[in-house]
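Okay, so here's the structure we're looking at.
The values are calculated or read from the model by the stated rules, or taken from the named source; none is laboratory data. Since the structure is predicted, the reported quantities are computational estimates derived from the model, not experimental observations. As a convention, Cβ positions derive from the backbone with ideal geometry for all residues, glycine included, and neighbour counts pool all protein chains shown. Just the protein is used for accessible areas: all its heavy atoms, side chains included, with ligands, DNA and RNA removed. Shrake-Rupley method; radii C 1.70, N 1.55, O 1.52, S 1.80 Å.
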Amino acid sequence: MSHLMIMSLHSLLVSTFFAFLTRDRARGRIRVFLFLFVGMMVGAMALAWVMYPYPLQGRQ
Amino acid sequence: MATTATASEAGREADVVVSTRSPWVPCLLAWAIPGAGHLLLRRTTAGLVFMAVVMTTFGFGLALNGTVYAMDPEQPLSYLSTLANAGLGPLDAWARVRTFGDLRYRMPDSRTDRVAREQILTRVRQRYGAATHSYGRTFLLTAGLMNLLLVLDVFDYCIGRKPRRTPQSQPAESSS
């Protein structure tokens, strides 16, 4: 499995969990799910983009 | 003995069913089997989804060569990690035997039992070679923390802190 796939899977599971934990109705659950899932994916991508110029230790 | 009261409030508030019962059995069940506490409280859909999500997270944690933590006085944060892992109940025991070879919650002290400590660390380090080891650890921690939240959620339902809305009512969306 690629790193991206594992991250997506983790985001999917966590988003589903909190959607059902915090909301009782389908519409609210879908909204929370999308908010969390998109937020985690976009946030991770943004963080990766910010860290891109910084090399891994020992790879220089 | 369960008691139920229905409170109807004016305005946009819907009928709210407040059920109170002893939280011990549901919480213990929720800890032992992810989602079972909600099933006992007749929150069937949520219970089944919680069960599937937590079990899947745990399964992927093991499949990705994840290991659980044991309390280590030399690493104070390991206490919190062990608590998070232990949130999974019997599933954590299984992962613990798989990681350490026995049901271990505490690492041997390096000053008094150095040999046993090295044996355990050698066994754990064998999994470090897998590229997905860190992800597996994270999945196992996440599964444990999810289940701890489920236990707290069941507790809130039992003491009436988190009321259930009746199916007939359709109030504005709210966190319940």
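A compact table of results
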quantity	calculated
Cα gyration tensor category, rounded, prolate or oblate, for segment B:3-165 with a/c compared to 1.5	prolate
Amide H partners (placed H, <5 Å) of residue B:72, local residues excluded	B:78, B:79, B:107
Cα centroid of segment A:1-28 to Cα centroid of segment B:68-85, whole Å	26
Degrees between helix A:3-22 axis and first principal axis of chain A (Cα, 0 to 90, nearest 10)	30
Per-residue HN-Hα couplings for segment B:99-113 [Karplus 6.51, -1.76, 1.60; θ = phi - 60°; Hz; x = Gly/Pro]	7, 9, x, 8, 7, 10, 10, 9, 7, x, 5, 5, 7, 9, 9
Sequence ranges B:64-75, B:114-125, ranked by mean other-Cβ count within 10 angstrom, highest first	B:64-75, B:114-125
Interface burial for B against A (accessible surface, 1.4 Å probe, total of both chains, Å², rounded to 100)	2100
For q = 0.14, 0.29 Å⁻¹, Debye-computed log10 I/I(0) when each Cα of segment A:3-51 counts as one equal scatterer	-0.36, -0.99
For residues of B:45-58, the mean tally of beta carbons on other chains within 10 Å	3
Residue mean of other protein chain beta carbons inside 10 Å, B:59-67	1
For segment B:38-84: rounded, prolate or oblate by the Cα gyration tensor [a/c cutoff 1.5]	oblate
For A:4-17, mean number of other protein chain Cβ atoms within 10 Å	4
Surface accessible to a 1.4 Å probe, per residue, for the residues of segment B:3-165, Å²	52
Mean Cβ count within 10 Å, highest first, over the residues of peptides A:30-38, B:25-33	B:25-33, A:30-38
